[in-house]
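The values are calculated or read from the model by the stated rules, or taken from the named source; none is laboratory data. Please read all numbers here as calculations on a predicted model, not as lab measurements. FYI the Cβ positions are ideal-geometry reconstructions off the backbone, even for glycines, and counts take in every protein chain you see.
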């Protein structure tokens, strides 16, 4: 089984290191100093007090790696359309593409029974680049839970979590999903195959939709924004609107809004990824986390006044910081 991790940063590097340490046929697509360090010295994974380095096959050009059985994409959502052409060298007739990407996925409405089946989302897939270039039939959904960092090039520090939930857009339990689940399980990662992966996507998205932009606008960590009465109320308003949208397309939430916010508070003094990106001058993942939810609200006829307000503010904040838009 040939597996390629496309985007071997914190999460992709963590998964790639675990696979490589177990002797799997894994390759990594990366760039810059991180790639150079992996090519020269191998990939180092720090887990607690354990530090282990393993040789890895890493390249910037996917054409060097050949056709794969699985391509696991762990890039930020806004980065994926720009690499679809380069990715073609990895894709054969039987290649499965695992979208380990946060936010509303571009394939969301593929094989979703109902009036919106096969609807496209321009906010996350402008020009249908991914729909045409990857193909929804190749996709295996994935919800990423681990937290990791890249403290220096070639080094991954695992912070917590080891679950990568998998699920077919159709809800079927397929051979390709089971095969990857077993492969990841064999290297110490939890990879359950879910019959309703969209439910899990929305529970994670609930937090990303609200906590990320509010933290970037205020500079607050999760423990603060989830307990301050004002910001908690804004987050709750966004979540209630999102729940109405999700339920309109068949999603069932296993927990309620207040429990989800409490879960965020319990994470502690953590800076969200959007706040970290803003502080470091990196592109912000606004469209997949927020704009796409607004777009889906328009589609199903659910008003989103709180989401609209926060989205307008974070888009402008991103533009003035040079971290969003052209």
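Here are the numbers:
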item	result
Index of the failed condition, residue 307 passing every other in (1) within 22 Å of residue 159 (Cβ to Cβ); (2) surrounded by 15 or more Cβ atoms within 10 Å (Cβ to Cβ); (3) touching a residue at least 24 places away in the same chain (Cβ under 8 Å)	(1)
Answer residue from segment 241-264, given it is in a helix (DSSP H, G or I) and surrounded by fewer than 16 Cβ atoms within 10 Å (Cβ to Cβ) and is nearest to the chain's Cα centre (by Cα) among those	263
Filter result (touching a strand residue (DSSP E or B) at 6+ places or on another chain (Cβ under 6 Å) and surrounded by fewer than 17 Cβ atoms within 10 Å (Cβ to Cβ)) within segment 54-87	57
Unmet criterion (only one of (1) closer than 21 Å to residue 170 by Cβ; (2) assigned to a loop (DSSP other than H, G, I, E, B); (3) in contact with a strand residue (DSSP E or B) (Cβ under 8 Å, 6 or more places away or on another chain)) for residue 109	(3)
Qualifying positions in segment 266-281 - surrounded by fewer than 21 Cβ atoms within 10 Å (Cβ to Cβ) and not in a helix (DSSP H, G or I)	268, 269, 270, 271, 281
Number of the exception - residue 34 against (1) in contact with a helix residue (DSSP H, G or I) (Cβ under 6 Å, 6 or more places away or on another chain); (2) over 28 Å from residue 207 (Cα atoms)	(1)
Residue match in segment 214-237 (condition: outside any loop (DSSP other than H, G, I, E, B), closer than 22 Å to residue 106 by Cα and in contact (Cβ under 8 Å) with a residue 12 or more places away in the chain)	no
All positions within segment 134-149 that are under 16 Å from residue 77 (Cα atoms) and in a strand (DSSP E or B)	139, 140, 141, 142, 143, 144
Residue in segment 126-133 that is under 29 Å from residue 293 (Cα atoms), touching a residue at least 12 places away in the same chain (Cβ under 8 Å) and assigned to a strand (DSSP E or B) present	no
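The rows are residues; the columns are (1) surrounded by 21 or more Cβ atoms within 10 Å (Cβ to Cβ); (2) in the same structural domain as residue 42 (by TED's automatic domain parsing); (3) modelled with pLDDT of 95 or more.
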position	(1), (2), (3)
140	yes, yes, yes
147	no, yes, no
170	no, yes, yes
189	no, yes, yes
